[in-house]
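Novice: Sending over a structure as structure tokens; questions will come in a sec.
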There are 2 protein chains.
Amino acid sequence: MSPAYTMGIIRVITQEQAQVDAHGQLIEQWIPGVKTLSRCIPDQPEGVHDAGTKRAAAPKVAALAQELEQAGVDGIIVSCADDPGVLEARAAVRIPVVGAGESTASAAARFNGPVGVLGITPEAPPAFDRILGPQLLANVVPAGVKSTLDLQTPEGRASALKSVESLSAQGAQAIALACTGFATIGLAPELERAAGIPVLDAVQCEACTLLLELLRTRATAFGEPLRRPE
Amino acid sequence: MSPAYTMGIIRVITQEQAQVDAHGQLIEQWIPGVKTLSRCIPDQPEGVHDAGTKRAAAPKVAALAQELEQAGVDGIIVSCADDPGVLEARAAVRIPVVGAGESTASAAARFNGPVGVLGITPEAPPAFDRILGPQLLANVVPAGVKSTLDLQTPEGRASALKSVESLSAQGAQAIALACTGFATIGLAPELERAAGIPVLDAVQCEACTLLLELLRTRATAFGEPLRRPE
């Protein structure tokens, strides 16, 4: 049986293909009928971690989006909470493009009450401020964590657990994970059990958001070109 | 093959079972591996259309949620943009409960720019104000439309098309349909082609939102009871 949907996944850190495939493999496990095709941008072994690396990534993300569109995917996920190159990719292809950040922030906006953000950068990625506004309670980086690799140590996990407990104690009604690296190591369920409130995994959010975009655009069937939102 | 997920669908208008099943049938067509089980509240042949009928519906929605949970569904959709009884149902069961209104409003919040709301009530349903805040451009009711039945007439459709064209001309970057009755008659694609901007179907939004909730809560596997957001 051919898959109902093929999702193209863009990773913004240069890695071996087995690692590049990690998010797509999770999505295939989670959603029946979905296949994925994953690519990573070249020459950024340290990924996107500041304004300069984000700027450098954007045209590479757009180029990969075109490559994935030509390979026949139905839609594209930029699997990074900073949404690098999402606007550029959207302008470069005719299929839907969603970012992890905008997907996670909008999923969190549904919860009735303050939302805590747990990430690895001192400021929440831009989509969280834009979409949550005053609903954003606080952005927290686990103590001692500077990259997703730090989350994989016992100290990093313990620190992340303390952070979500603190956000919950401050009155958060839900927690949004502002780094797809939490999904790579499958930490959300453990964090959710510790926090006692919903903890949103960015890879789950981006997958369901693209699914919604695919349902919508298939229904419309591009009878005429859509104006793209900015 | 047994379905990956069974979604319970609560309709808040008293109808024959063939009509009650309409939204669930759409969801089964759209999302591979999903089955649905649909029920409607009793004794409200005119559905939910004001504060009194919403209040009357809430305990019935909660009772149906318990009945569907006992029947073995994995999660529940209250398929009405006013989200009647969503909080009451959430308090009554241990499985996820999502409403059409909160699902559609949060999906619309992702778009970068003003959101127009097209519905059948003079005020947008509460989730749209709460989630979109200043991003809500305007709530419009098609001229001459007082119920979803009016949308099925040639005049009603023409009036809905004019409304979305007007919202688009006012600067909306996306339009949220604040009535699941638009899905029943499959109007979103036609509206989207007319408006030239994304038009979000509430039944598509509620289905993808519940799917995300099912992914999340299955992962957490209820190791301990979740505190429910209000």
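None of the figures in this text is laboratory data; all of them are computed from the coordinates on show. Model, not experiment: these values are computed from the prediction. Glycine gets a Cβ as well: all are built from the backbone with ideal geometry, and neighbour counts include every protein chain shown.
Novice: DSSP loop (so not H, G, I, E, B), at most 15 other Cβ within 10 Å: list which trypsin sites (Lys or Arg not before Pro) in region A:122-218 pass both filters.
Specialist: A:LYS146
Novice: Relative contact order (percent) for region A:5-99, with alpha-carbon contacts under 8 angstrom and 6 or more residues of separation?
Specialist: Relative contact order of region A:5-99: 33 percent.
Novice: Let me ask something else. If the reach is capped at under 22 angstrom between alpha carbons, list the lysines near A:LYS162, excluding any in the same chain fewer than eight residues apart.
Specialist: Within the straight-line cut-off, A:LYS162 pairs with A:LYS146.
Novice: Taking chain B as the reference, fit the longest principal axis to its C-alpha atoms, fit the long axis of helix B:100-109 to the helix C-alpha atoms, and give the angle between the two in degrees, 0 to 90, nearest 10.
Specialist: The angle comes out at about 60 degrees.
Novice: Using only Cα atoms, tell me the angle between helix B:154-169 and the longest principal axis of chain B; keep it within 0 to 90° and round to the nearest 10.
Specialist: 80 degrees
Novice: How big is region A:1-86 along each principal axis, measuring the range of its Cα positions in Å and listing the largest first?
Specialist: Rounded to whole Å, the extents work out to 43, 22, 20 Å.
Novice: Angle, helix A:202-220 long axis vs. longest principal axis of chain A, Cα atoms, 0 to 90°, nearest 10?
Specialist: Helix A:202-220 sits at roughly 30 degrees to that axis.
Novice: Give me D for chain B in µm² s⁻¹, whole number, from Stokes-Einstein with Rh from the Kirkwood sum over alpha-carbon pairs, 37 °C and 0.692 mPa s.
Specialist: Estimated via Stokes-Einstein, D reaches 186 µm²/s.
Novice: Quick one: with label points 7 Å out along Cα→Cβ, list the inter-copy distances for A:GLN152 in nm, shortest first?
Specialist: From this label point to the equivalent ones elsewhere in the assembly: 5.8 nm.
Novice: Moving on to the next point. Out of every Cα pair in region A:34-73, what percent are spaced more than 13 Å from each other?
Specialist: 55 percent
Novice: Still on this structure, I have one more. Translational D (Stokes-Einstein, µm²/s) of region A:162-210 at 10 °C and 1.306 mPa s when Rh comes from the Kirkwood sum over C-alpha pairs?
Specialist: For these conditions, the coefficient is 146 µm²/s.
Novice: Further question: Taking the Cα-to-Cβ direction at B:ALA138 and at A:ARG94 and moving 7 Å from each Cα, how far apart do the two end points lie in nm?
Specialist: With each label placed 7 Å out from Cα toward Cβ, I get 3.2 nm.
Novice: Sticking with this one: Between the DSSP loop rule and a limit of at most 15 other Cβ atoms within 10 Å, which trypsin sites (Lys or Arg not before Pro) in region A:1-97 are left?
Specialist: A:ARG94
Novice: Something else: Looking at the protein assembly as shown, I'd like the Rg to Rh ratio, where Rg is from alpha-carbon atoms and Rh is Kirkwood's inverse mean 1/r.
Specialist: 0.95
Novice: How about A:LYS35: which lysines have a C-alpha closer than 22 Å to its C-alpha, ignoring those fewer than 8 places off in the same chain?
Specialist: Partners found: B:LYS35.
Novice: Which of the GluC sites (Glu not before Pro) across region A:43-97 are loop residues per DSSP, with 15 or fewer other Cβ within 10 Å?
Specialist: Answer by residue number: A:GLU46.
Novice: While we're here: Rounded to the nearest 0.05, what FRET efficiency is calculated for A:THR14 and A:SER166 with R0 set to 41 Å and r the Cβ-Cβ distance?
Specialist: It comes out at approximately 0.75.
Novice: Reachable aspartates and glutamates from B:LYS54, Cα under 17 Å, same-chain residues fewer than 8 places away excluded?
Specialist: Cα-Cα hits under 17 Å: B:ASP43, B:GLU46, B:ASP82, B:ASP83, B:GLU88, B:GLU102, B:GLU123.
Novice: Region A:108-230: Rg/Rh from Cα coordinates, Kirkwood Rh?
Specialist: In region A:108-230, Rg relative to Rh is 1.05.
Novice: Please state the equivalent ellipsoid semi-axes for region A:58-180: what are the square roots of 5 times the Cα gyration tensor eigenvalues, largest first, in whole Å?
Specialist: Rounded to whole Å, the semi-axes are 30, 17, 10.
Novice: Just the Kirkwood number for region A:109-166, please: inverse of mean 1/r across all distinct Cα pairs, in Å, one decimal.
Specialist: Evaluated on region A:109-166, it is 12.0 Å.
Novice: Something else about it: What does the charge dipole of the protein assembly as shown about its Cα centre add up to, to the nearest 20 debye, if the Cβ of each Lys and Arg holds +1 and the Cβ of each Asp and Glu holds -1?
Specialist: Magnitude of the dipole: close to 60 debye.
Novice: Same structure, new question: Please list, in chain and number order, the residues 5+ apart from A:SER38 or on another chain whose amide H is under 5 Å from its amide H, with Hs placed from the backbone.
Specialist: A:ILE9
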